[in-house]
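Visitor: Sharing a structure, written as structure tokens. Questions coming.
The values are calculated or read from the model by the stated rules, or taken from the named source; none is laboratory data. This one's a predicted model, so the numbers in the text were calculated from it and none came from an experiment. Cβ: placed from backbone, ideal geometry, glycine included. Neighbour counts: every protein chain shown. All accessible areas refer to the heavy atoms of the entire protein, side chains included, with ligands and DNA or RNA removed. Shrake-Rupley method; radii C 1.70, N 1.55, O 1.52, S 1.80 Å.
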Amino acid sequence: MPKLIPRLPSTNSHLPFGDMQNSPFYGIDIITVKQFDREQLTYIFEVAHEMYEMVSRVGSFDLLKGKILANLFYQPSTRTSSSFTSAMERLGGSVIPINNVSYSSVTKGESLPDTIRTLEAFADVIVLRHPEVGSSALAAKYARKPIINAGDGVGEHPTQALLDLFTIHEELGRVDGITVTMMGDLKYGRTVHSLARLLSLYNVKLNYVAPENLCLPDEIKAEIGTKGIPQDCFADLTPVLPETDVLYVTRVQKEYFEDPAQHESLKGSYVITTETMRQAKSKMVLMHPFPRVWEIDMAVDADPRAAYFRQMEYGLYIRMALLAMVLGKA
Amino acid sequence: MPKLIPRLPSTNSHLPFGDMQNSPFYGIDIITVKQFDREQLTYIFEVAHEMYEMVSRVGSFDLLKGKILANLFYQPSTRTSSSFTSAMERLGGSVIPINNVSYSSVTKGESLPDTIRTLEAFADVIVLRHPEVGSSALAAKYARKPIINAGDGVGEHPTQALLDLFTIHEELGRVDGITVTMMGDLKYGRTVHSLARLLSLYNVKLNYVAPENLCLPDEIKAEIGTKGIPQDCFADLTPVLPETDVLYVTRVQKEYFEDPAQHESLKGSYVITTETMRQAKSKMVLMHPFPRVWEIDMAVDADPRAAYFRQMEYGLYIRMALLAMVLGKA
Amino acid sequence: MPKLIPRLPSTNSHLPFGDMQNSPFYGIDIITVKQFDREQLTYIFEVAHEMYEMVSRVGSFDLLKGKILANLFYQPSTRTSSSFTSAMERLGGSVIPINNVSYSSVTKGESLPDTIRTLEAFADVIVLRHPEVGSSALAAKYARKPIINAGDGVGEHPTQALLDLFTIHEELGRVDGITVTMMGDLKYGRTVHSLARLLSLYNVKLNYVAPENLCLPDEIKAEIGTKGIPQDCFADLTPVLPETDVLYVTRVQKEYFEDPAQHESLKGSYVITTETMRQAKSKMVLMHPFPRVWEIDMAVDADPRAAYFRQMEYGLYIRMALLAMVLGKA
């Protein structure tokens, strides 16, 4: 991302504090999955795997000691906010938590660029969750410090897509050659859109299982199609479950149905039970971006193929990797 | 507490990170005062006293460096939340603060077990304050990481009871052989119930001073009685004050009185003033779990027997001890 | 500030933990700009400049490792709260964030002195933002640990005034001999009152540019006048801009105008544009306490004389200096 505002000479000559400026991700913003190619993904996953190994061995370590993360959440998200906080703390860094819009100076009418440029006086990197599409790109345009998009409305949530792909990579040992079945709300869920885009960089087959009104949007299907990825749509999981290597389940929100009974009726075929799992491959991965409501029965949690809690932990390693990389330490 | 979910093999082999698994409290949950016997209390108090000595000498130290506490408060409590945060920070550890239910994913309908299993991907220990009785036991059932109950509705608040008993132990040098007078709302106050239970493990005499409608519940009195503890009820402090070694005062909340005048009338006899203190032993301890409203006059604060501010500091040492113990470091 | 409550012997003998008690600012409270003389300001600025140099060289360092700041905000202020958090973290210390009144025990009716005396059991220094004038002085009266006033309603915000003066000092290399023009709401803005008071310790000329209903209050003008400072009032910036070394712009809030059209009409003459800057000295400083609304056009941000983002960074160094000083480490 090109920066609109040049480095101010009088006070910013101190940046960066001895960082490795020749690190390939040094100083970049993480805004969209579209910014990554396969080579970069491979590198991120290597660093994330190293993070996993280091955490396994020593829990935490001081790679980012003295660095400060401004964790700026205009919308509530315990999961994502806690994950970034933990990632920074496990690397020995510190966090400025800004969790509650209602007390931000936004209520006094301040613009996002001003808030960002205020916080970069205090922090070395900024994680931003904001309800408006494009907010992270706007922030990155003004910021001299790296911005990491933690969700911009119905736009993108790139670290979620990266952790999803990393989960597949770690659990199955590969991404090429697999069949991924996405199920649930494929129309409004930004998670599946971003994951589908990343998967299209690999040699995969994609199945979509969704109610008629919640299918993958045509423009995304077309985008994926240009990469030569085989895609198929289904109303029911049954025919594709036996060939599925990754089953990615998402919530189907009540508000997208005019008739509540229509939503209720989905619970029959759109819920994963231990019975469902009996039809699945013995080696496969069941994922969910969480929170879940009724889509996966809690009895399934004990199944070793249920990867959704490990998925959170993989998210920690991905975020550790990204923080270390954009700060020039990996 | 038995764990419902086994340790997941693929990602959790890294736990624990070189901790002393043979430490007697390693990995346990702190859910209820009923889980402790005298020997364990003695051990906790020894560790807490060591924490006091270390803080006296060096302020903070790196016993839990690299460890992360998820401080999960579904209900506001500045005092308890700050105390645990300080305890973790004085031990060199880090905190993920989750203070505000309104922004937690709970509002999206997530279950407590799912929230707990999410947070344990990011943290090494979870402190939980929740409005529902039994919530901490439920959390502990699902969690692989230790849970510390920081109050579950009208249920228990075990670390408060432990700090109360530790205050007595440190201020008087002993617990056996003393007379403890509890005064105020003895019916709804979980604090006095838990403290009475802990005291019943010692050789003490208990006096209860309460308005008729706010006496200690019969079942708790019966439970204490089975331990052979002498107990007596009084409507007024006067007869028992001269023999009292520990006077434990609690708030009497207006909402428990149909007639506001009835509540108002209590202020005559249920308030501690410098005059009251003149009738008390020269060596005794005045305690209050705080916040206070009118029960103890601020003029009493300068009295060396007024231990309620020191009580907060003892709470810090108890929480430091528990965190270190359940993480296998003490 | 004299302390009302003596150090309690039994638990507080450990304070201070090996600090340099002969440091001139050790243990003092920062309550009002009136407490500082020129010599003290010079000393604070020397320490703040050292902080700037250290941050330039190493980012963060462990001067306050093991120390804990309770950041107690009864009112929202992302900017000030984040600045103090960053200051403490860059010095290697930890923070207890208490950002949201609604969940503080204040809602249970606790008094400010009780809250302060609770928090000082957990923290080494307390930063307080509170809506009532005099609240920090009250807190300091009861606290054994140092209190730093981060804004007490329409009262004072001394660290803002210190950072404003430090900005002038660093940007121009001197304070004596300069002309400072303050513009906007000079009646209700505590920022300009405090800065004017500090400037009156130096040999400066002050210009006030304000709508008739928002002029500097007479009592403050009189106070400044007793120091022999030349002061002049203007309705428009034009005549004084060419001689101005520091232009300090503040928001003019709509709520102070009965007629919205009156407020709207100000935007013509009370907004700084690139055109305005063409009339200004080539070496001068444009400042704003932020947040801004429309008073300074974003096109001005790229002008090297626009110092308002650097002002935030100077604030970081001032707060680092004050924290280190009151904790006996500078």
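Visitor: Count, please, the residues in the stretch C:292-311 that happen to be facing another protein chain (nearest Cβ under 7 Å) and within 20 Å of C:GLY173 (Cβ to Cβ). Full working, then the answer.
Guide: Initially, the stretch C:292-311 is screened for residues facing another protein chain (nearest Cβ under 7 Å), giving C:292-293, C:301-302, C:309-310.
Going one step further and asking which of them are within 20 Å of C:GLY173 (Cβ to Cβ), we end up with C:309-310.
Residues flagged as facing another protein chain (nearest Cβ under 7 Å) and within 20 Å of C:GLY173 (Cβ to Cβ) within the stretch C:292-311 amount to 2.
Visitor: Still on this structure, I have one more. Would you call C:ARG90 within 14 Å of chain B (Cβ to nearest Cβ), crowded, with 21+ Cβ neighbours inside 10 Å and either modelled with pLDDT of 95 or more or in contact with a His (Cβ under 6 Å, 6 or more places away or on another chain) (or both)? Can you show your working first?
Guide: Values: within 14 Å of chain B (Cβ to nearest Cβ): no; crowded, with 21+ Cβ neighbours inside 10 Å: yes; either modelled with pLDDT of 95 or more or in contact with a His (Cβ under 6 Å, 6 or more places away or on another chain) (or both): yes.
No; evaluated as a whole, the condition is false for this residue.
Visitor: Please determine whether any residue of the stretch C:106-114 is closer than 30 Å to C:ALA280 by Cα and open to solvent by 10 Å² or more (accessible area, probe 1.4 Å).
Guide: Keep residues of the stretch C:106-114 that are closer than 30 Å to C:ALA280 by Cα, which gives none.
The answer is no, given that none of the residues of the stretch C:106-114 is closer than 30 Å to C:ALA280 by Cα and open to solvent by 10 Å² or more (accessible area, probe 1.4 Å).
Visitor: Suppose the filter is more than 23 Å from A:ALA280 (Cα to Cα) and open to solvent by less than 20 Å² (accessible area, probe 1.4 Å); does A:ALA161 pass it? Working first, answer last.
Guide: Values: more than 23 Å from A:ALA280 (Cα to Cα): yes; open to solvent by less than 20 Å² (accessible area, probe 1.4 Å): yes.
So A:ALA161 passes the test.
Visitor: Would you check which residues across the stretch A:52-77 are open to solvent by 10 Å² or more (accessible area, probe 1.4 Å) and in a helix (DSSP H, G or I) and list them?
Guide: Answer for the stretch A:52-77, where residues must be open to solvent by 10 Å² or more (accessible area, probe 1.4 Å) and in a helix (DSSP H, G or I): A:TYR52, A:GLU53, A:MET54, A:SER56, A:ARG57, A:VAL58.
Visitor: Please count how many residues of the stretch B:199-219 are assigned to a helix (DSSP H, G or I) and open to solvent by 10 Å² or more (accessible area, probe 1.4 Å).
Guide: 4
Visitor: Output yes when any residue across the stretch B:255-262 is of a type in the set (Phe, Trp, Tyr), more than 19 Å from B:LEU195 (Cα to Cα) and in contact with a helix residue (DSSP H, G or I) (Cβ under 6 Å, 6 or more places away or on another chain), and no when none is. Step through it out loud before you land on a result.
Guide: Step one: of the stretch B:255-262, the residues of a type in the set (Phe, Trp, Tyr) are B:256-257.
Within this subset, residues satisfying the condition of being more than 19 Å from B:LEU195 (Cα to Cα) are B:256-257.
If we keep only those that are in contact with a helix residue (DSSP H, G or I) (Cβ under 6 Å, 6 or more places away or on another chain) as well, we get B:257.
Looking through the stretch B:255-262, at least one residue is of a type in the set (Phe, Trp, Tyr), more than 19 Å from B:LEU195 (Cα to Cα) and in contact with a helix residue (DSSP H, G or I) (Cβ under 6 Å, 6 or more places away or on another chain).
Visitor: If A:THR80 passes every condition in (1) more than 9 Å from chain B (Cβ to nearest Cβ); (2) among the hydroxyl-bearing types (Ser, Thr, Tyr); (3) open to solvent by 20 Å² or more (accessible area, probe 1.4 Å) but one, which one does it miss?
Guide: Against the list (1) more than 9 Å from chain B (Cβ to nearest Cβ); (2) among the hydroxyl-bearing types (Ser, Thr, Tyr); (3) open to solvent by 20 Å² or more (accessible area, probe 1.4 Å), A:THR80 comes up short only on (3).
Visitor: Which residue pairs have Cβ atoms under 9 Å apart, sit 6 or more places apart or on different chains, and have a first residue in the stretch C:212-226 that is at negative phi and a second that is in a helix (DSSP H, G or I) and open to solvent by 60 Å² or more (accessible area, probe 1.4 Å)?
Guide: Qualifying pairs under 9 Å: C:ASN213/C:TYR256; C:ASN213/C:GLN262; C:LEU214/C:TYR256.
Visitor: Quick check, is C:LEU72 of a type in the set (A, V, I, L, M, F, W, C), within 22 Å of the chain's Cα centre (by Cα), within 30 Å of B:LYS254 (Cα to Cα) and at pLDDT 95 or above?
Guide: So C:LEU72 passes the test.
Visitor: Something else now. With the stretch B:249-330 as the region, which helices (runs of 4 or more DSSP H) entirely inside it contain at least 2 residues that are surrounded by fewer than 17 Cβ atoms within 10 Å (Cβ to Cβ) and among the small types (Gly, Ala, Ser)?
Guide: Once the helices (runs of 4 or more DSSP H) in the stretch B:249-330 are filtered for at least 2 residues that are surrounded by fewer than 17 Cβ atoms within 10 Å (Cβ to Cβ) and among the small types (Gly, Ala, Ser), what remains is B:260-269.
Visitor: Answer yes if at least one residue in the stretch C:226-233 is more than 27 Å from C:ALA48 (Cβ to Cβ), in contact with a strand residue (DSSP E or B) (Cβ under 6 Å, 6 or more places away or on another chain), part of a loop (DSSP other than H, G, I, E, B) and open to solvent by less than 60 Å² (accessible area, probe 1.4 Å), and no otherwise. Steps first, please.
Guide: Pass one, the stretch C:226-233, residues more than 27 Å from C:ALA48 (Cβ to Cβ): C:226, C:228, C:230-233.
Then drop every residue that is not in contact with a strand residue (DSSP E or B) (Cβ under 6 Å, 6 or more places away or on another chain), which leaves C:230-233.
Now restrict to residues that are part of a loop (DSSP other than H, G, I, E, B): C:230.
Narrowing the set further to residues that are open to solvent by less than 60 Å² (accessible area, probe 1.4 Å) leaves none.
No: the stretch C:226-233 contains no residue that is more than 27 Å from C:ALA48 (Cβ to Cβ), in contact with a strand residue (DSSP E or B) (Cβ under 6 Å, 6 or more places away or on another chain), part of a loop (DSSP other than H, G, I, E, B) and open to solvent by less than 60 Å² (accessible area, probe 1.4 Å).
Visitor: Now for a separate question. What's the number of the condition A:VAL175 fails, among (1) open to solvent by less than 20 Å² (accessible area, probe 1.4 Å); (2) not in a loop (DSSP other than H, G, I, E, B)?
Guide: Exception for A:VAL175: condition (2).
Visitor: On to the next question. Kindly indicate which of A:GLU132, A:GLU170 is open to solvent by 10 Å² or more (accessible area, probe 1.4 Å) and outside the structural domain of A:ARG319 (by TED's automatic domain parsing).
Guide: A:GLU170
Visitor: To continue, here is another question. If you go through the stretch A:269-281 one residue at a time, do you hit one that is farther than 15 Å from A:LEU237 by Cα, touching a residue at least 24 places away in the same chain (Cβ under 8 Å) and of a type outside the set (S, T, N, Q)?
Guide: no
Visitor: Taking the stretch C:117-172 as the region of interest, how many residues are assigned to a helix (DSSP H, G or I), within 14 Å of chain B (Cβ to nearest Cβ) and closer than 21 Å to C:ILE68 by Cβ?
Guide: 4
Visitor: Taking the criterion of being under 29 Å from C:PRO260 (Cα atoms), in contact with a Leu (Cβ under 7 Å, 6 or more places away or on another chain) and of a type in the set (Gly, Ala, Ser), would at least one residue in the stretch C:220-241 satisfy it?
Guide: No, that holds for no residue.
Visitor: Something else: Taking B:LYS187 as the residue in question, decide whether it is modelled with pLDDT under 95, open to solvent by 10 Å² or more (accessible area, probe 1.4 Å) and within 12 Å of another protein chain (Cβ to nearest Cβ).
Guide: no
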